[in-house]
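Throughout, read-outs are computed from the coordinates displayed, never taken from laboratory work. These figures come from a predicted structure and were not determined experimentally. Neighbour counts run over all protein chains shown; Cβ positions are idealised from the backbone, glycine included.
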């Protein structure tokens, strides 16, 4: 007897099993890292823009008045008028002389933007010979930037109720201006800014202390501070450039190469 064989019709439609693929963990992490970098870059750009538009720097203008004839071996009174014509506060405004003994107030702790102050000091010269005396004025910004002004004049003299220490070159020495020229050495005063993390570092640094990025090549350290911008992650610090221009402007005025009108116009344009 033959075996009975039965066939079951399962139909023509095939069942397809759908397999849900899991998203790669690595792909998710890479996307998150990329997003973090984009946000970090945007924040850094915003900070840079904001800081560049809000640079505040002090600038001290001063006038020294000698009331009476200057005599040696006695105390002579000077009246010093200080004005902060910059757009930031000046700190530790210090006045000193190279050939005078002084007594009275020679330091002003703070001078705000637009503020004026008058101080009186007494100076003593121990020689009767007429010689050139140097006056130095130093002050700092709130961020620690250092500014200096140099003036020179003759003492003893026969001035009375006159302004003294008006220029860096003493009266009558204009033909010998080169003798009084000086080159200010800025050691560690200029900075470079890491373009990756935004940290400021001294100009002689080659590696960023925060993120480890290279700031400048070794050979660049011997050249001008701006040379470290080539093929590096350093960017120019606009604040330091502005400070350098202000210093140069003050030096030109002290040397009598800029009139008061020219100086004020140039300074106002620079600080706007």
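Site pair residue 63 and residue 255 shows an inter-label distance of 2.5 nm when each label is modelled 7 Å from Cα along Cα→Cβ. By the equivalent-ellipsoid construction on the alpha carbon gyration tensor, the stretch 60-183 comes out with semi-axes of 25, 18, 12 Å, ordered largest to smallest. Using only the Cα atoms of the stretch 115-184, build the gyration tensor, take square roots of its eigenvalues as a ≥ b ≥ c, and label the shape rounded, prolate or oblate: rounded if a/c is under 1.5, else prolate if a/b is larger than b/c, else oblate. Note, shape of the stretch 115-184 comes out oblate. Stretching residue 143 away from residue 75 to a fully extended chain increases their span by 20.8 nm, per 0.36 nm per residue minus the current alpha-carbon distance. Taking each residue as 0.36 nm, the span from residue 107 to residue 177 lengthens on full extension beyond its C-alpha to C-alpha distance by 22.2 nm.
Contact order for the stretch 60-183, expressed relative to its length and based on alpha carbon pairs under 8 Å spaced 6+ residues apart, stands at 29 percent.
At a Förster distance of 51 Å, what's the computed FRET efficiency of residue 132 paired with residue 210, Cβ-Cβ distance as r, to 0.05? Before the final figure, lay out each step's value.
On the way: r = 48 Å, r/R0 = 0.95.
It comes to 0.60.
Stretched out straight at 0.36 nm per residue, the stretch from residue 96 to residue 268 would grow longer than its current Cα-Cα span by 59.1 nm.
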